[in-house]
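Q: Here's a structure for you.
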Amino acid sequence: MDDKQKALVKATVPVLKTNGTDLTKHFYSRMFTHNPELKNLFNMSNQASGKQQNALAGAVLAYAEHIENPGVLINALQSIGNKHVSLHISPEQYDIVGLHLISSIKEVLGDAASTDLIEAWTIAYNELAKIMISLEDKMYESTLKKVGGWKGWRTFVIADIIEESSEIKSFYLTPKDSKPIADYLPGQYISVKTFVPLLGYEQPRQYSLSSAFNPKYYRISVKREKNQHSPDGIVSNLLHQKSIGDEIEATAPSGIFHADLVTEDPLVLISGGVGATPLLSMLETNKNNLQKNTVVWLHSCRDEKVHAFKDHVNHLDQNNNWLTTHIFYENIEKEENNLVKKGRINLHEIKEEILIDKAKYYICGPEAFIKVQYDSLMQLGIAKENILYEEFGPQLLHLN
């Protein structure tokens, strides 16, 4: 892009700040009308809630703001690229998205969409697509080089189902072809997809791998949402209705939220509800590592009934001096010998337990939960680079 074209793209920043979601809503509506097959690829729950439109609006705005140096967005691009790889996005699909995005800019801006502006945005999008395709090609290649690595969707069989709480089940997935599966870093996820009769098309979802790597299976732990007919609950309820022996499609592990297997830095793992799943993988992996890093486990949930992995984590706590746990229930009649505390996690009240030299802090849970814990850590003087978080669904938080 030349300087004039960059200036034209940057000039659209005020419009994107005020009307960005109007543009992205129009874009998705247009794309799904002309290319309905893409409904099999996109999480339509996030479409219904508006989260995906908001996330895309934020991404488009960030790209326009940094058009002179998009390299500063590399962490965000890496995260998006991992999601794309986990959905088996192809270069051809970038062409489809580009067509509808540029057409949407024309249609939404109307007379304000000059020929020069459309040309500038077309070049800008093509340059971004080129960056993303290159990033994703490297990710695909890296996975294919692994023992058991593969590209795209692969058929797995549900070998076992374990009830972890009143609303969470763990599914043990073994490859139908009985060939090796790729290893992963603790904290990463896989995508699974299943046909949704109510919608008439397939739906993919990302689920964190909830155990240390085992070469025989992948384990995901899924929370069943209460309303099975709402967009948020359709897939989780279908999964909870599945039986041992059923088949499901999955992609290879992916994701930038993970613990370092080599470092000896202490880990402070902070989770809310089903957000415990990627952190449990970190905890189990640490148990298997030779150095046995110091770990502080903090978990918050509504009550004992919904507390998944309670006995497992308690057993680890009782048998390993490198682990300290703090459990919080919102609803509890009385505190249980300090093993379970009433209320929600308040990091300020237990700062002596968590302020550890060289510690890395990992947070996972609902959006509001992450924000509260992140802000508390910042107030306690923890450096941004030592705080990592995973937000399930479209990335709406930009805390770092």
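To keep it simple, each residue is scored yes or no on (1) modelled with pLDDT of 95 or more; (2) hydroxyl-bearing (Ser, Thr, Tyr); (3) within 25 Å of LYS193 (Cα to Cα).
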| site | (1), (2), (3) |
| --- | --- |
| GLN78 | no, no, yes |
| LEU99 | yes, no, no |
| SER103 | yes, yes, no |
| ALA112 | no, no, no |
| LEU117 | yes, no, no |
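Q: I would also like to ask the following. Please go through the range 55-78 and give me each residue that is farther than 19 Å from GLY20 by Cβ and either touching a residue at least 12 places away in the same chain (Cβ under 8 Å) or among the small types (Gly, Ala, Ser) (or both), ordered by number.
A: Listed by number, the residues that qualify are GLU68, GLY71, ASN75, GLN78.
Q: How many residues are assigned to a strand (DSSP E or B), of a type in the set (A, V, I, L, M) and more than 20 Å from the chain's Cα centre (by Cα) if we restrict to the range 184-204?
A: So the answer is 1.
Q: Another question about this same structure. How about the range 164-183: which of its residues are within 25 Å of GLU225 (Cα to Cα) and either outside any strand (DSSP E or B) or among the basic types (Lys, Arg) (or both)?
A: GLU164, SER165, SER166, GLU167, LYS169
Q: With the checklist (1) closer than 19 Å to LEU117 by Cα; (2) among the acidic types (Asp, Glu); (3) free of Cβ contacts under 8 Å to residues at least 12 places away in the same chain in hand, flag the one item GLU92 doesn't pass.
A: With respect to (1) closer than 19 Å to LEU117 by Cα; (2) among the acidic types (Asp, Glu); (3) free of Cβ contacts under 8 Å to residues at least 12 places away in the same chain, GLU92 is out only on (1).
Q: With free of Cβ contacts under 8 Å to residues at least 60 places away in the same chain and crowded, with 18+ Cβ neighbours inside 10 Å as the only criterion, which of TYR189, TYR125, TYR184 stands out?
A: So the residue among TYR189, TYR125, TYR184 that is free of Cβ contacts under 8 Å to residues at least 60 places away in the same chain and crowded, with 18+ Cβ neighbours inside 10 Å is TYR125.
Q: Which of the residues belonging to the range 190-205 are among the aromatic types (Phe, Trp, Tyr) and over 15 Å from PHE156 (Cα atoms)?
A: Result: TYR201, single match.
Q: Of the conditions (1) under 30 Å from ARG154 (Cα atoms); (2) touching a helix residue (DSSP H, G or I) at 6+ places or on another chain (Cβ under 6 Å); (3) part of a loop (DSSP other than H, G, I, E, B); (4) of a type in the set (Val, Ile, Thr), VAL85 clears all except one; give me its number.
A: For VAL85, the exception is condition (3).
Q: Can you pull out the residues in the range 300-343 that are loosely packed, with under 14 Cβ neighbours inside 10 Å and touching a residue at least 60 places away in the same chain (Cβ under 8 Å)?
A: The one that is loosely packed, with under 14 Cβ neighbours inside 10 Å and touching a residue at least 60 places away in the same chain (Cβ under 8 Å): LYS305.
The values are calculated or read from the model by the stated rules, or taken from the named source; none is laboratory data. Small disclaimer: the values here were computed from a predicted structure and weren't measured. With ideal geometry, Cβ positions are generated from the backbone for all residues, glycine too; neighbour counts draw on all protein chains shown.
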